[in-house]
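Okay, so here's the structure we're looking at.
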(Lines give C-alpha, C1' and ligand atoms only; values in the text may rest on other atoms or scores of the structure.)
Protein backbone atom coordinates (compact mmCIF):
# COMPACT_ATOMS: atom_id res chain seq x y z
CA UNK A 1 0.00 0.00 0.00
CA UNK A 2 2.85 2.36 0.80
CA UNK A 3 4.46 1.77 -2.58
CA UNK A 4 1.14 2.46 -4.30
CA UNK A 5 0.88 5.77 -2.45
CA UNK A 6 4.42 6.69 -3.51
CA UNK A 7 3.54 5.81 -7.11
CA UNK A 8 0.42 7.96 -7.04
CA UNK A 9 2.25 10.89 -5.44
CA UNK A 10 5.09 10.70 -7.95
CA UNK A 11 2.69 10.68 -10.91
CA UNK A 12 0.55 13.60 -9.77
CA UNK A 13 3.17 15.70 -8.02
CA UNK A 14 2.79 18.45 -10.63
CA UNK A 15 -0.82 19.20 -9.76
CA UNK A 16 -0.68 18.23 -6.09
CA UNK A 17 0.48 21.67 -4.95
CA UNK A 18 -2.13 23.41 -7.10
CA UNK A 19 -4.87 21.15 -5.72
CA UNK A 20 -3.79 21.79 -2.14
CA UNK A 21 -3.73 25.53 -2.82
CA UNK A 22 -7.23 25.33 -4.29
CA UNK A 23 -8.56 23.47 -1.27
CA UNK A 24 -6.97 25.98 1.10
CA UNK A 25 -8.49 28.85 -0.89
CA UNK A 26 -11.96 27.32 -0.83
CA UNK A 27 -11.78 26.80 2.93
CA UNK A 28 -10.50 30.35 3.45
CA UNK A 29 -13.39 31.78 1.45
CA UNK A 30 -15.83 29.55 3.35
CA UNK A 31 -14.54 30.67 6.75
CA UNK A 32 -14.56 34.31 5.64
CA UNK A 33 -18.14 34.00 4.40
CA UNK A 34 -19.23 32.45 7.68
CA UNK A 35 -17.59 35.16 9.78
CA UNK A 36 -18.65 38.07 7.56
CA UNK A 37 -22.17 38.48 9.04
CA UNK A 38 -20.61 38.79 12.48
CA UNK A 39 -18.74 41.96 11.45
CA UNK A 40 -21.61 43.62 9.59
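The values are calculated or read from the model by the stated rules, or taken from the named source; none is laboratory data. If you're wondering where the values come from, they're calculated on a predicted model, not measured in any experiment. Methodologically, a virtual Cβ is constructed for each residue, glycine included, from the backbone with ideal geometry; neighbour enumeration extends over all protein chains shown.
Looking at 21, 30, 2, which is the one that is without any contact (Cβ under 8 Å) to a residue 24 or more places away in the chain and surrounded by fewer than 10 Cβ atoms within 10 Å (Cβ to Cβ)? Lay out the reasoning, then the answer.
Numbers: 21 fails: surrounded by fewer than 10 Cβ atoms within 10 Å (Cβ to Cβ); 30 fails: surrounded by fewer than 10 Cβ atoms within 10 Å (Cβ to Cβ).
2 is the lone residue from the list that is without any contact (Cβ under 8 Å) to a residue 24 or more places away in the chain and surrounded by fewer than 10 Cβ atoms within 10 Å (Cβ to Cβ).
How many residues, within the range 17-40, are modelled with pLDDT under 85 and part of a helix (DSSP H, G or I)? Don't jump to the end; show me each part of the working.
Let us first name the residues in the range 17-40 that are modelled with pLDDT under 85, namely 38-40.
From what's left, part of a helix (DSSP H, G or I): 38-39.
The number of residues fulfilling the criteria is 2.
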